Amino acid sequence: MVSFNLTESEQAARTAARTFAATHLKPAKSAYEALSTPEARFQSLQPIYEAAVRAGLIKAQIPAPVGGTSTSLVEAAILVEEFYAVEASASLTIFGTGLGLTPLCLAFRPEVAEFLQPFLSGQGTPLASLVFSEPGGVANWLEPGAPGLQTTAYRDGDEWVLTGEKIWATNSAGWDFRGADLGCVVCRCVDEDPVSTASTPSDLIMILLVTREDIRRNGEESFQVLNHPETVGHKAASGPHLRYNNLRLPAKNLLCAPGTGAAIVTHTFEISAMLVGAMGIGIQRAAFDAALSFSRSTRGGTVPISQRQSVADLLINIKMRTETSRFLTWKAAHALLEGPGEHAQRREHALLAKVHCSEAAVQSVLDAINAVGVSAYNTDLPFSDLLSTALVLPIFDGGNVGMRRRALQELITADRYQPWFSSFGEE
């Protein structure tokens, strides 16, 4: 039998997340909204991030088998929903570290354990980042014949030499813009031997681990922040345009050798797809709560506007989308670890959750705005913030058009595709 009742552990995680969000995330906007630059707004989040570290929220994003406390992706989805229902920028900064650590956790081996230690200590404000996107776009990064990733690396003796530009990677510049504590940098190997034998672009994809110490040792010219984009939403999150310039890294910093990196990146983004679904739930929940509260006023009429059918229909639609988004996301979280089937089949619901929940979040905020009317245009109400936050969900973390729907297309058009296997198993 399927049960949607939370376990004791999941309920405890939800309670702890709601408490943290009310205590630390809710005041965040008032601390950063008056600051004039994205750099200053981001740095204002450091005390909140430090509180998250002390509360075990970084360790909670690391799987228990490698030293963390995470045992359930459903709990991760609950955590993301609770946070995104309150404040997005600080939440994305916290979860950006989880995303940055995911390749390391998926490809973990004892030789790279030292890179994980700062994030298990429960102290300080260590940031991690998955450094993937590039200024020229990455939707076609594995397409045969396409240019592919322009960030490259080659082996020189006992070192790897990394060069290229990246953008939109959350936390990638660190608090002082001299690099994150750990960057998992996705790049293309240009060594002669791998290039000569490569049959597909994925044969050359690798992941290098870059630490602040590596950057410091190489000198200022090896790592530069070119600019901090001013974004529509997530106004205090950091995803800068940066450049690696002949950055030399020890051989031990190789997380994924050429030919093994693409699978780890893809798996990472399948987990994050589910979590973007949870972000969409949180935004929809906040939009519904605010619109419902507003609808209890009469607005100069004789009855609360929620009793007007047109308004009630909009509220009902938001509530239905929120609930269906949550059930799809929880199913995706469960399926990624529990199945049925192999990983290729388990990932379908995660892709569906990313597309559905992100697009539902935008529509739900628009419905809330229409239910409230022109008052929603007033910044005293949360709808402009919610819309600016929701707008990015369909286009980041693998855009729905450029990447996620294409991945779903590959699944459903495969010759041996079984339409309902990911729901029920073998039929």
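The values are calculated or read from the model by the stated rules, or taken from the named source; none is laboratory data. None of these values were measured; they are calculated from a predicted model. Backbone-built Cβ (ideal geometry, glycine too); neighbour counts: all protein chains shown. Accessible surface is based on the protein model in full, side chains and every heavy atom, while ligands, DNA and RNA are left aside. Shrake-Rupley method; radii C 1.70, N 1.55, O 1.52, S 1.80 Å.
Structural remarks
- Whole-Å semi-axes of segment 262-424's equivalent ellipsoid (Cα gyration tensor): 36, 15, 12
- Inter-label distance for Leu35 and Asn246, nm, one decimal - labels placed 7 Å from Cα along Cα-to-Cβ: 3.5
- Per residue convex hull volume, Cα atoms of segment 8-121, in Å³: 96
- Our helix-only sum for the chain, with -39,500 (n - 2.57) per DSSP H run of n ≥ 4 divided by its residues, gives a mean residue ellipticity at 222 nm of -14000 deg cm²/dmol.
- Along the chain, counting only trypsin sites (Lys or Arg not before Pro) with a DSSP assignment other than H, G, I, E or B and at most 15 other Cβ atoms inside a 10 Å radius, the longest segment between sites is 1-177.
- Computed with every protein chain present, the accessible area of Phe4 is close to 110 Å² [probe 1.4 Å].
- For the options Ala146, Ala291, Ala257, a Gaussian network treatment of the chain with springs between C-alpha atoms closer than 10 Å singles out Ala146 as fluctuating the most.
- Accessible surface of segment 262-424, 1.4 Å probe, proportion on carbon and sulfur as whole %: 58
- Among the protein heavy atoms of segment 8-121, carbon and sulfur supply 54% of the accessible surface, probe 1.4 Å, non-protein parts ignored.
- For the chain, the Cβ-based charge dipole about the Cα centre amounts to some 1120 debye (Lys, Arg positive; Asp, Glu negative; other atoms uncharged).
- Where the chain is the region considered: accessible area per residue in Å², 1.4 Å probe: 45
- Cβ-placed point charges (K, R +1; D, E -1), dipole of segment 1-145 about Cα centre in debye, nearest 20: 320
- Per the Debye formula on identical point scatterers at the alpha carbon atoms of segment 25-82, with no solvent, log10 I(q)/I(0) at q = 0.13, 0.20, 0.25 Å⁻¹ is -0.45, -0.82, -0.98.
- Among the GluC sites (Glu not before Pro) within segment 185-277, those in coil by DSSP and having at most 14 neighbouring Cβ atoms inside 10 Å are Glu230.
- Across Ala139, Ala286, Ala390, mean-square fluctuation computed from a Gaussian network of the chain (C-alpha pairs under 10 Å connected) peaks at Ala139.
- Between the residues Leu92, Val74, Tyr49, the greatest Cα displacement towards the positive end of the dipole of segment 8-121, with unit charges on the Cβ of Lys, Arg, Asp and Glu, is found for Tyr49.
- Prolate/oblate/rounded call for segment 128-260, Cα gyration tensor, a/c under 1.5 rounded: oblate
- You can think of it this way: the chain between Val303 and Val190 has 33.7 nm of extra reach, that is 0.36 nm per residue less the Cα-Cα gap.
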